[in-house]
Amino acid sequence: MNIETTTQADATKAVVEARNLDLVFPTNDGPVQALKDVNLTINKGDFVSFIGPSGCGKTTFLRVMAALEQPTGGEITVNGMSPDEARRQRAYGYVFQASGLYPWRNIARNIKLPLEIMGYSKAEQDKRVNEVLELVELSGFGGKYPWQLSGGMQQRASIARALAFDADILLMDEPFGALDEIVRDHLNEQLLKLWARTNKTIGFVTHSIPEAVYLSTKIVVMSPRPGRITDVIESPLPKERPLDIRDSPEFIEIAHRVREGLRAGHSDD
Amino acid sequence: MKTLIAVLTVLSVIIAFWYAACLPMNIKGVLTEAERAGAEVTPAGAKERRDLGEFGLVLDNSFAIPATWAQDRPRLPAPHQVAQELWKTTGAMVLKGKMMSKRSLFYHGWVTLSATLLGFAIGTGLGILLAVGIVHSRVMDMSVMPWAIVSQTIPIIALAPMIIVVLYSIGVQGILPKAIISAYLSFFPVVVGMVKGLRSPDGMQLDLLRTYNASTNQGFWKLRLPASMPYLFASLKIGIAASLVGAIVGELPTGAVAGLGARLLGGSYYGQTVQIWSALFAAAILAACLVALLGLIERSVLKRMGMGA
């Protein structure tokens, strides 16, 4: 009895399970192995960063999770079902590198877009818009149009849009890649607070080692040709992380290990 | 201010060139008339002058220059003659309370405009429907688009009489045949613009809707259609000008008695060049007004959509 409950608890704890995942893209120059033999478990409430050079398959893996790409081999389950079933149940909020806000909708109506599509009532829509605007510190900007906001604010609005409905997985594909360092630091700090408040499971693709180490509970280091996982680092850093944690010896040690992992991946070719 | 001066400079150069062009164009006619009226012309005799250069004739008979701008039926009427005719058939008629008399350009303009607007409405509606089909169905993309392109390679002037004859034989006449010719010209820019507009959302936008599990319908109304608006308006501006051309061309082969096309045709039957030119200008002014009106609608719509910064 006792054993059974533990296994059940474990099964519900794993949000994403990938086993021997392969993905081959046919191209004009022959097939490209975007993902090769990827094994990974993401648990509920994890903040997982995917880091690696271009072409390592980090974005592809995120897209496979969201059922935007179909794997050509292996298995992957999300919430115990196939990614496509999870997509139909609206299990994901996806944030792209560009905010992708509709220029003809103001911020509030942009955030309402998924809510309209999913058929929430008008009152519920308004309530949720206010909630998520407050969550990303954009209260009072609902009536503004995207072009009236800075790049960082636009990206926050697009995060709010992904948070507005009840997806418990948030997938972020280099959301802060186009922003400058200072804005980025601020948004990283905010994102951590948001993660602590909402208890979502986050998959986060990045190029930046400090960003990955600062944000994550788990860092997945990947390398290209073929795209594969070279190292998975469980972060020993506490959940509460002020920005100056980046000067601590633990932080520097993890960053060093990530860098080593990236270098090892490169020396292969 | 600077742009105003530049615009006025260009305009006055065009008008000066036009007046100058009247000299060689009209000199022979003027000299023939003058000789008949008893004036001394060098060289005497229309036969003698026939093979001489027009510029030389102007220089030898400078007394005749004012007359080249004041003929009844000049080869090329002077700007003020066209302006006078325009006023006589528009403003002056209004002052006399005969705005819709058969000699008024408002009357003829309205006849053409009503066919234009009907044709524009048909063409725009058809164009949007075709574009929606082409974007959503690969079969339609492959089967309709080539025909739409081919349809525009046939000169409308060759096709218009057939359309009128065919429609007449099944009992359709009046405004509709003209409107159909006008729609035939205006649907094409709308199809091309709308296809481009409906396809303008990028892969990321479509992926985003996929993560929401949005239906094709929702994708159309919430993303594709609003994204296509700027493209639609660009097409509409081309479409309305093409509609007007279509309506005018539709009036030519029928021997219509009303409409700007009828004025053009009538003018050329009776050698009334001033009438032809004033009808041409009326058509150009009408087209400019229509395009400007669409521009205003575009600005207000895009502004209301939040896209006009």
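Ranking of B:CYS22, B:CYS289 by solvent-accessible surface, largest first: B:CYS289, B:CYS22 (1.4 Å probe, protein heavy atoms only, all chains present).
Using only alpha carbons, region B:77-183 has a radius of gyration to Kirkwood radius ratio (Rg to Rh) of 1.15. Exposure check, 1.4 Å probe, all protein chains in place: B:ASP202 carries approximately 80 Å² of accessible surface. For chain B, a Gaussian network of Cα nodes joined below 10 Å ranks B:PRO77, B:PRO146, B:PRO189 by mean-square fluctuation, and the top entry is B:PRO146.
Each residue of region B:12-23 was assigned a 3J(HN,Hα) from its phi angle through the Karplus expression (A = 6.51, B = -1.76, C = 1.60, θ = phi - 60°), giving 5, 4, 4, 5, 4, 4, 4, 4, 4, 5, 5, 4 Hz with x at Gly and Pro. For the set B:MET93, B:MET140, the ranking by accessible area, highest first and with no ligand, DNA or RNA atoms included, is B:MET140, B:MET93 under a 1.4 Å probe. Each semi-axis of the equivalent ellipsoid for region B:116-271 is √(5λ) with λ an eigenvalue of the Cα gyration tensor; in descending order they amount to 38, 15, 12 Å. I'd like the distance separating the alpha-carbon centroids of region A:199-226 and region A:36-80, in whole Å. If you average the Cα positions of each part, the centres end up 11 Å apart.
Set the Förster radius R0 to 22 Å, insert the Cβ-Cβ distance between B:ARG73 and B:ALA39 as r into 1/(1 + (r/R0)^6), and round the FRET efficiency to 0.05. According to the calculation, E is roughly 0.70. Accessible surface for A:GLU17 stands near 60 Å², nearest 10, in the context of the full protein assembly shown (1.4 Å probe). Set the bar at 22 Å for Cα to Cα. Now go through A:LYS13/A:LYS122; B:LYS196/B:LYS237; A:LYS13/A:LYS239 and name every pair that lies beyond it. From the list (A:LYS13/A:LYS122; B:LYS196/B:LYS237; A:LYS13/A:LYS239), the Cα-Cα distance tops 22 Å for A:LYS13/A:LYS122. Semi-axes of the equivalent ellipsoid of region A:101-166 are 18, 12, 10 Å, computed as sqrt(5λ) over the eigenvalues of the C-alpha gyration tensor in descending order. Dividing the C-alpha radius of gyration of chain B by 2.2 N^0.38 Å, with N its residue count, gives 1.32.
What length, rounded to one decimal in nm, is gained on full extension from B:LYS2 through to B:ALA83, with 0.36 nm per residue of separation minus their alpha-carbon distance?
Details: separation 81, 0.36 × 81 = 29.16 nm, distance 2.70 nm.
Length gained, B:LYS2 through B:ALA83: 26.5 nm.
Whole-Hz Karplus values for region B:135-141 come out as 6, 8, 10, 5, 4, 5, 4 Hz, taken residue by residue from phi with 6.51 cos²θ - 1.76 cosθ + 1.60 and θ = phi - 60°; glycine and proline positions read x.
For region A:142-153, putting each phi into the Karplus relation 6.51 cos²θ - 1.76 cosθ + 1.60 with θ = phi - 60° gives couplings of x, x, 7, 8, x, 5, 8, 10, 6, x, x, 5 Hz, in residue order, rounded to whole numbers and with x for Gly and Pro. Exposure check, 1.4 Å probe, all protein chains in place: A:ASP247 carries approximately 120 Å² of accessible surface. Result for chain A in a Gaussian network model with C-alpha springs under 10 Å: among A:VAL258, A:VAL221, A:VAL24, the largest mean-square fluctuation is at A:VAL24.
If you take the beta carbon distance between B:TRP18 and B:ALA121 as r and set R0 to 30 Å, what does 1/(1 + (r/R0)^6) give as a FRET efficiency, to the nearest 0.05? If you can, show how the numbers build up before the last one.
On the way: r = 37 Å, r/R0 = 1.22.
For R0 = 30 Å, the calculated efficiency reads 0.25.
Using all C-alpha to C-alpha distances in region B:2-76, build P(r) with 5 Å bins and read off the rounded percent in each one. Once binned at 5 Å, the Cα pair distances of region B:2-76 give 3, 16, 25, 20, 12, 7, 7, 5, 3, 2, 0. Our Cα-only numbers for the protein assembly as shown put the radius of gyration and Dmax at 36.0, 130 Å. The base-10 log of I(q)/I(0) for chain A, evaluated at q = 0.17 Å⁻¹, reads -1.40 [Debye formula, identical scatterers on Cα atoms, solvent excluded].
Calculate, in nm to one decimal, what A:GLU75 and A:SER54 gain on full extension: separation in residues at 0.36 nm each, minus their alpha carbon distance. All intermediate terms of the calculation are to be shown ahead of the outcome.
On the way: separation 21, 0.36 × 21 = 7.56 nm, distance 2.41 nm.
Extending this stretch completely gives an extra 5.2 nm.
With R₀ fixed at 56 Å, the C-beta to C-beta distance from A:SER139 to A:ASN20 puts the FRET efficiency at about 0.75. Each label point was placed 7 Å from the Cα along the Cα-to-Cβ direction; for A:GLU260 and B:SER143 their separation is 6.5 nm.
The values are calculated or read from the model by the stated rules, or taken from the named source; none is laboratory data. Source: prediction; values computed, not measured. Don't worry about glycine lacking a Cβ; one is built from the backbone with ideal geometry, like all the others, and counts go over all protein chains shown. The protein model used for the area step is the full one, side chains on, heavy atoms only, and it has no ligands, DNA or RNA in it. Shrake-Rupley method; radii C 1.70, N 1.55, O 1.52, S 1.80 Å.
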